[in-house]
1. What is the log10 of I(q)/I(0) for segment 69-189, computed with the Debye formula using one identical point scatterer on each Cα and no solvent, at q = 0.10, 0.16 Å⁻¹?
2. What accessible area per residue, rounded to a whole number of Å², is obtained for the chain using a probe radius of 1.4 Å?
3. What's the longest bit of the chain with no exposed GluC sites (Glu not before Pro), using DSSP loop states and at most 15 other Cβ atoms within 10 Å as the test?
4. Taking just the alpha carbons, could you work out the radius of gyration and Dmax for the chain, both in angstroms?
5. Nearest 5 percent is fine: what portion of the DSSP beta bridges confined to segment 1-144 is antiparallel?
6. Could you please state how large a percent of the accessible area of segment 166-225 is carbon and sulfur, counting protein chains only and using a 1.4 Å probe?
7. Within segment 89-128, report the trypsin sites (Lys or Arg not before Pro) that DSSP leaves as loop and that have at most 15 other Cβ atoms within 10 Å.
8. May I ask you to list the trypsin sites (Lys or Arg not before Pro) in segment 166-235 that are in a DSSP loop and have at most 15 other Cβ atoms within 10 Å of their Cβ?
Amino acid sequence: MALVEITPYNYTLARNSPLHAQIQKAYRWYSPKFSPHDVPRFADVGSITENPLVMRSIRDFLVQRYKSFPQPPTHIMGFDARGFLFGPLIAVELGIPFVLMRKANKNAGVLIKSEPYEKEYKEVEPEVMTIRLGSIDKNSRVVLVDDVLATGGTALSGLQLAEASGATVLEVVSLLQLTFLKGVELSHSYRNGRYSKIPFFSFVDETALTDENCGDLLNYTGKRAISCSEALSKL
Ligand code: HSX
Ligand code: ADE
């Protein structure tokens, strides 16, 4: 399937490819009134996971892609938490380990921790990503997986963990890249460009989130979260 280079070492699907159309049709975004974070368009990964045909297409595309690499990945690494939705699908098919990159205090064993990082929406404190020491090493060729690449703060944390393990990063893959936040540029220019040649691939960019993809319930005036008994009473 045709890939387009957006900026150096930053690729996406051609807009006229069937897979692009399939993902665009399924993706839903929500305005701040209906989303957990105060960002203009919150891309709901649930709209993708609830669509088995799209999930299968994403899996098949990535499995074929990585099988075709002259030196295929030895590990798939997923970002806490939404990278966990896609990474294992691919790792199982490739017959390689899926490594959890987890936020601090959630991982077991002796850990390597990233520098604190921030995302498009700020948490109370900057977050820290971790992997278990020894889960990858200098012989590993890894792919880092997430649903969204926004400011690139999260991606950078994974690049640091791979570098600190001596591993080679083959690609950072996300379903959606918000190109206007320049996350790939940030990652490529980090610390004098030490990650400048790491390839990024995203299936779609923000142009896929059109007004038609808005999931907001127009005219809804109730509370956003209703209790189980309120839900029961509506049955
Ligand atoms: C969300 O923000 C997504 O699932 C990604 O892990 C992350 C992307 O934001 P950013 O770090 O690129 O700004 O948790
Ligand atoms: N993570 C960072 N920015 C996001 C957005 N706009 N939608 C969903 N996840 C995100």
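The values are calculated or read from the model by the stated rules, or taken from the named source; none is laboratory data. Everything numeric here is computed off the predicted structure, so don't read it as measured data. For neighbour counting, all protein chains shown are included, and Cβ atoms are generated from backbone atoms with ideal geometry for every residue, glycine included. Accessible surface is based on the protein model in full, side chains and every heavy atom, while ligands, DNA and RNA are left aside. Shrake-Rupley method; radii C 1.70, N 1.55, O 1.52, S 1.80 Å.
1. Debye output, listed in q order: -0.27, -0.71.
2. On the way: 12120 Å² over 235 residues.
Accessible surface, normalised per residue, equals 52 Å².
3. Longest run free of exposed loop sites: 124-235.
4. So, for the chain, Rg and Dmax equal 18.2, 59 Å respectively.
5. For segment 1-144, the DSSP antiparallel bridge percentage is about 65.
6. C and S atoms contribute 53 percent here.
7. Listed in order of number, the matching sites are 106, 122.
8. Listed in order of number, the matching sites are 182, 194, 197, 223, 224, 234.
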